[in-house]
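Each value in this text was obtained by applying a stated rule to the coordinates, not by laboratory testing. Because the structure is a prediction, the values reported are computed rather than measured. Because the Cβ atoms are built from the backbone with ideal geometry, glycine has one as well, and the counts that use them run over all protein chains shown.
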Amino acid sequence: MADTIVMPRQGNSVESCVLVKWRVKEGDEVQNKTIIADVETDKASFEVEAGFTGTVLKLVHAEGDDVPVMQPIAYVGKAGEALPAGAAAMATPAAPAPSTAAPADVPAAPAITMAAMAAPVSAAAGSSPASPRARILAASQGLDATGLAGTGPEGRVIERDVKAALGASAPATAAAIEEALRLGVKLPAQGSGLGGRVTVADVSTSTAAPSSAPVAGATGTSRAFPGPKTETKIKSIRKVIADRMAESLSTTAQFTLNASALAVRLQELRARFKASDAALGLNGITIGDIIVYAVSRTLGRYPYMNAHKVADSVFEFEYVHLGIACDTPRGLMVPVIRNADTLTLKQISDETKRLAEACRSGTAKPDDLSGSTFSISNVGAFGVESFTPVLNVPEVAILGVCGIAPKPVQKGNDVVFLPSVGLSLTINHMVVDGAPAAKFLKGLCDAIGECDILLAK
Amino acid sequence: MYDIIIIGGGPGGYIAAERAGARGQKVLLIEKEHLGGVCLNWGCVPTKTLLNSAKTYAHALHGGMFGVHAEKVTFSLTEAMAWKNEVITKLRGGIAFLMKKFKVEVVSATAEIVDKNTVKTSDGKTWQGKNIIIATGSTPAMPPIPGAKDNPHVVTSTGLLDIKTMPTSLVVIGGGVIGVEFASLFATLGVKVTVVEMMEEIIPFMDKEHAPQMRKALSNIDFQLGCKVEKLDGGTVHYTRASASADGAKSVKGDLVLMAVGRSLNTKNLGLEKLGVDVGPRGIVVDEFQRTNIPGVFAIGDVTGKSLLAHSASRMGEVAVSAIVDPPESRQRMRYTAIPWVVYTNPEAAGVGMTEDEAKKAGKNVVCSTVPLRNSGRFLAENGASAPGAVKVVTDGDTHRILGVQMYGAGVGEMIWGAAAMIETELRVNEAREIVFPHPTVGETIRDALWEMH
C-alpha cells in the first residue's frame, strides 16, 4: 500500500499549517530526503521532507490550504499503486493512521528556511545578489533581478523569485519595461493599456512624487483615477495577524493609560553597560532590555496584570512569561521570554536578541512563540511619544514603550528638563480596572526610575 | 428588469448594445429617431457619401493627366442625395439586424431617467434596468449671432445634407472639422465657398505646419481667418478682422450660410439633475470606466464632452459594457492617447497622438521626420507629382517612442489606424521600423518617415 505523508506537527501549540508551496507534482520521483513542500505556521516556515522513496501518487491539498497537523498531505508509492482507503477525498476528517516516518512528537525537518516567504520583501536598496539563472531570466523579461526580494540562501535572488515577480505583473509594452529599468522601479502589477498591458504612463504614475499642483478634475488630465494599485492577498502570517488584531479589538474593552518614567538612571546605566569591559558581555544591554527586566520584576507584585481572560475566567499566572513584539519582514511576531522573572538582566538581554534574530530569519521554533502572560511592544526607537498598543489576547495587559524625551520637572523655584521614557499601558477593562492598572504603571515607573537599585534585588 | 438600458442609438449606444448583447446581457436600446444616430443619418456617413460623389465628379473633370477624357460631365444633386439616402437606409438596416441578432430590444422614443434603475419613455412606458448608459450625443450649436435666428439662408450641417437645389455660393461660419469638410465638399462641386473663422488657423488640433499646407491644398475655398462674425443680413455675413482694425468691416454673401461653430451636448430633459448626475461645463463627468457619480449609471460619447468622435463613442460604449460585465481586474479602460482623427476634405487630413507643438509643450525632446506622400509610387501614380500630402512622425528623442503621427493628402484617413496601433502599443522607432508594409502603398510613407529618423 502507498505511504502517507502527513502535515508534521511543528511544536506542541501548533494545530495547523498553511501549505505554502508544493515543490513536487504528482508523478515525480522522490527520495527520503526530498523536500516536497514548504509549509508555514502562524509563526515560522518549514520544509517538509518526503520521508519515503517512490512516486508521488497524489497531492491531497492545494497550495494555500490550511491543513491540520498529522493530516495526510500526499501519498507516495509505486506508480499506479492504489491509495489507502478514503484517501481520494480531500482533507477527510477521518485521518489515516499517521505514518511512522513523520512521528507526531518529533518536529520534522529542522531545515527551517525563509523559502516559503511568498510575500516579496521590498529590497531597500535593490542590492540583493542574484543567481546567474535568475539574472538571465530577469534580463530576458526586462526585469531588474537585483530589485527583487530574494528567497534563496542568504536572501539571494533565485530563478523562482524572478518567476514569481513575472507572474505577479501584467504584460508590459517594451517601452514601459525600458522606462521601468530607466527609473529603476518595479513594473506595476496592473496596467491600463491594451488588454491590461502596463504602459509608460503606468510606470511613471506608479513612481510619481505627490504633486502640489491643483487637483486635476475628473474631466481634466489623462491621469488615471484612482490610478494603478497592487493587490496582495492577505494570507498566512499576515492573515493570522489580521485575524488576531480584529479579534483583540472586538472581544475586549481596551483602555490605554499613558505615563512617563524618569530615565536619568536608565540612560546612565545603559551608558555604563556600553562602556563596560567587553569580557563581562554586558555591552549589548539596551534601554529596552532594562525596561523588560523592570517589568519582569514588577509584575509579580501586581498578579492581576499577569493574567489571561478566557471566556468567563481570569487566570492569574504565578510565573512571568514576557511576549516581546518583534518587527520581522513577514510582519509582527511575538516571541516569548519564558520565566523572565527568574532571569538576570544579561540573560533577558541575550534571550531577547536570540528570539528576535530567530524571528527575523524565520528560524524561531513554534514553542518560542507561545505562552506569554504579558507583552511588551517597544517603538521608542522611532520617536513615538505615546500610542495605544493592541492587547495580545487572551492577555489582559500590554505595555507600550515610547521614546525618551526631556520633560520639564519643577525643582524648587526652577524648572529642569530631565529625560523621561513614555509608557503606554493598554488593559482589558473587562477584567482590570483603571486604578489597579494605574497602580501597576506607577510601580513600573518607580522601578524604571530606580532601575540601578532594582538590579540589586 | 433589463441588465442594461441604453439611451441613444448612435455609434456609442448601438455598439454598446451589440457588445452587451454578445455577452448575454438583456439590453434595451432607446432611440428617439433613427438607429445610427447623427453619425449615420446626419453626419459621418452622408457627408462621406456626398464627398465621394464630389470626388468622382472632380476625377471625371481632371482625368486628363491620366489619359482619361470625359465630356459633358455633370453633377446631379438629386441623384447624389438619393444614393446618400440609399447608403443610410442600408446601414440602418444593418444595425437593426445586429440588434436582432444580439437580442437587443429597440424602442423608438425619447427617454427620461426617473431613478437610477428606471427610465420612462415618451410612449408612456416605464422600464427597469440594473444599469443605464447615457449615449444621447450632441446637436449643432446655434450661437446668438444677430440675424441668425429664423433666417431662411442659415442652415446647420443637418439642414445642408437635405438641400434640394445646389447653392451657387456658400458661407461657412466656423473653420473646424465640420465647417471645412462641408466647405471642401461644396467647393469641389464648383460652389463658391467662403469660410469665416475666428481663430488664426483652421482645424485647431492639426499640426501647425500641416494646417497652412492644407489651406493651400484647399485652394478652391476662400478662408477668412481671424475674423469675427458680427451679424447676418439675409445671406450676407458681416464680419470684422480682429487683428487688423484698419481692415475694418467686411461682408460676404452666400445663397446659404452654414453655421458650424461647434456642437452642444444633449444633457437636457433627461432627468439628470433630479438623479443628481454630475454634469460639468463640458459634459457628463465620467471616469475611465465611463462611470458617472451615480452607481450603475454610465455615460458615453459626445455627451461626456471628452472626445466628440464617433469612434471614441463606440470605444466608450465597449468600456462601459466591460465595466458592467467584467470582473474588476479585467475591466477595460478608456484611453485617449491613441484616438485617431480624420478630416474628410479633398484632400484629407488625419492624425493620432501628439503634434510636434504638444510634444514640446509636454517637455519632450522632440524629434520629427516628415516625408512627402509623393515619395510613394502609388501616390505619385494616382495623384500626380504636384499633389499635396505629407506624413510627419513625432518622436521622443530620449526614449525613441513614437508620440504622434500627423498626415494630410489623398486617402490618408485609411492609413492612420496603423499609426494609432503603433502609439497604442507604445512602439519605439526601431521596433516600428521592423514592421513590413505592402508595396506599393501610400502607407509606406509612415515607414519611410520612421527610417528618416536619426
Per residue of B:419-425, other chain Cβ atoms within 10 Å number on average 2
When only DSSP loop residues count, what GluC sites (Glu not before Pro) in the stretch A:222-284 have their Cβ near at most 15 other Cβ atoms within 10 Å?
-> A:GLU231
Which pairs break 18 Å Cα to Cα here: B:LYS216/B:LYS250; A:LYS346/A:LYS439; B:LYS130/B:LYS268; B:LYS32/B:LYS268; B:LYS32/B:LYS84; A:LYS163/A:LYS239?
-> B:LYS216/B:LYS250; A:LYS346/A:LYS439; B:LYS130/B:LYS268; B:LYS32/B:LYS84; A:LYS163/A:LYS239
In whole Hz, with x marking every Gly and Pro, tabulate ³J(HN,Hα) for the stretch A:260-265 from phi via Karplus 6.51 cos²θ - 1.76 cosθ + 1.60, θ = phi - 60°.
-> 9, 10, 4, 10, 4, 5
Among all the aspartates and glutamates, which ones have a C-alpha under 13 Å from B:LYS192's C-alpha, if same-chain residues fewer than 8 places away are not counted?
-> B:ASP222, B:ASP255
Taking each residue of A:226-232 in turn, how many C-beta atoms of other protein chains fall within 10 Å of its C-beta, and what is the average?
-> 1
Rounded to one decimal in nm, the spacing of the 7 Å Cα→Cβ label points at A:LYS78 and A:SER276 is 6.7 nm
In whole Å, what is the distance between the alpha-carbon centres of the stretch B:288-314 and the stretch B:77-148?
-> 16 Å
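For chain B, what is the calculated [θ] at 222 nm in deg cm²/dmol (nearest 500), taking -39500 (n - 2.57) for each run of four or more DSSP H residues and dividing by its residue count? Don't jump to the answer; show the numbers that get you there.
Numbers: 14 runs with 139 residues, N = 454.
Using -39500 (n - 2.57) per qualifying helix, the result is -9000 deg cm²/dmol.
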For the stretch B:368-385, in order, what is each residue's ³J(HN,Hα) by Karplus, 6.51 cos²θ - 1.76 cosθ + 1.60 with θ = phi - 60°, in whole Hz (x at glycine and Pro)?
-> 10, 9, 10, 10, x, 5, 5, 4, 7, x, 5, 4, 4, 4, 8, 10, x, 6
What residues have an amide H closer than 5 Å to that of B:SER138, excluding those fewer than 5 places away on the same chain, when H is modeled at 1.01 Å from N in the peptide plane?
-> B:ASN266
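All other residues with a Cβ under 13 Å from the Cβ of B:GLU79 taken together, and with Lys, Arg as +1 and Asp, Glu as -1, what is their net charge? Walk me through the numbers before you get to the answer.
Values: positive: B:LYS84, B:LYS164; negative: B:GLU86.
Surrounding charge for B:GLU79 is +1.
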Dipole of the stretch A:237-454, Cα-centred, from +1 at each Lys and Arg C-beta and -1 at each Asp and Glu C-beta, to the nearest 20 debye?
-> 360 debye
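Kindly rank A:414-427, A:282-295 from highest to lowest mean number of other beta carbons found within 10 Å of each residue. Before the final figure, lay out each step's value.
Numbers: A:414-427: 18.6, A:282-295: 21.4.
Descending packing order for the listed peptides: A:282-295, A:414-427.
If you wrap chain B's Cα atoms in a convex hull and average its projection over all directions, what's the area in nm²? Walk me through the intermediate numbers first.
Details: hull surface 96.5 nm².
In nm², the orientation-averaged hull projection of chain B is 24.1.
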Among A:THR151, B:HIS62, B:ILE5, whose Cα sits farthest toward the positive end of the charge dipole of the protein assembly as shown (+1 at Cβ of Lys/Arg, -1 at Cβ of Asp/Glu, about the Cα centre)?
-> B:HIS62
Please identify the chymotrypsin sites (Phe, Trp or Tyr not before Pro) of the stretch B:257-366 that satisfy two criteria: DSSP loop assignment and at most 12 other Cβ atoms within 10 Å. Which are they?
-> B:TYR336
In terms of modelled amide H atoms, which long-range or inter-chain residues lie less than 5 Å from the amide H of A:GLN71?
-> A:MET7
Label-point separation, A:LYS346 to A:LYS457 (7 Å along Cα→Cβ), nm | 2.1 nm
Size of charge dipole - the stretch B:137-245 - debye, nearest 20, with Cβ of Lys, Arg +1 and Asp, Glu -1, no other charges = 160 debye
Which residues' amide hydrogens lie under 5 Å from the amide hydrogen of B:ALA299, considering only partners 5 or more residues apart or on another chain, with H built in the peptide plane?
-> B:ILE134, B:THR292
Distance in nm between pseudo-label sites at B:THR165 and A:ASN283 (7 Å out along the Cβ direction from Cα) | 10.9 nm
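Could you give the alpha-carbon Rg of the protein assembly as shown over 2.2 N^0.38 Å, rounded to two decimals?
On the way: Rg = 38.4 Å, N = 911, 2.2 N^0.38 = 29.3 Å.
The reported ratio for this selection is 1.31.
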Within 10 Å of each Cβ of B:329-341, how many other protein chain Cβ atoms are there on average?
-> 3
3J(HN,Hα) from dihedral phi, the stretch B:286-299, Karplus parametrisation 6.51/-1.76/1.60, rounded to Hz, x for glycine, proline = 10, 9, 6, 9, 6, 7, 7, 6, 9, x, x, 10, 10, 9
Report the one residue of A:ALA253, A:TYR304, A:GLN267 whose Cα lies farthest in the direction of the positive end of the charge dipole of the stretch A:237-454 (charges on C-beta: Lys and Arg +1, Asp and Glu -1; origin at the Cα centre).
-> A:GLN267
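How high is the FRET efficiency from A:ARG23 to A:THR230, r the C-beta distance, R0 25 Å, rounded to 0.05?
Working: r = 27 Å, r/R0 = 1.06.
After rounding to 0.05, the efficiency reads 0.40.
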Kirkwood-type radius of the stretch A:237-454, with distances r between different C-alpha atoms, in Å | 17.7 Å
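Would you kindly state how much longer the chain becomes between A:PHE417 and A:SER313 on full extension, computed as 0.36 nm times their sequence separation minus their alpha carbon distance, in nm to one decimal? Let's see the in-between values first.
On the way: separation 104, 0.36 × 104 = 37.44 nm, distance 4.50 nm.
Extra length from A:PHE417 to A:SER313 when fully extended: 32.9 nm.
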Antiparallel bridges, percent of DSSP beta bridges restricted to the stretch A:293-435 (to nearest 5) | 75 percent
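Just to confirm the filter: which GluC sites (Glu not before Pro) across the stretch B:1-91 are DSSP coil and have at most 15 other Cβ within 10 angstrom of their Cβ? Intermediate results must be reported in sequence, preceding the final value.
Details: sites: B:GLU18, B:GLU31, B:GLU33, B:GLU71, B:GLU79, B:GLU86; in loops: B:GLU33, B:GLU71.
Qualifying residues, ordered by number: B:GLU33, B:GLU71.
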Along the dipole axis of the protein assembly as shown (charges at Cβ: +1 for Lys and Arg, -1 for Asp and Glu; origin at the Cα centre), the most positive-end residue among A:LEU194, B:VAL366, A:LEU322 is B:VAL366
Taking the Cα centre of chain B as the origin, how large is its charge dipole in debye, to the nearest 20, when only Lys and Arg (+1) and Asp and Glu (-1) carry charge on their Cβ atoms?
-> 720 debye
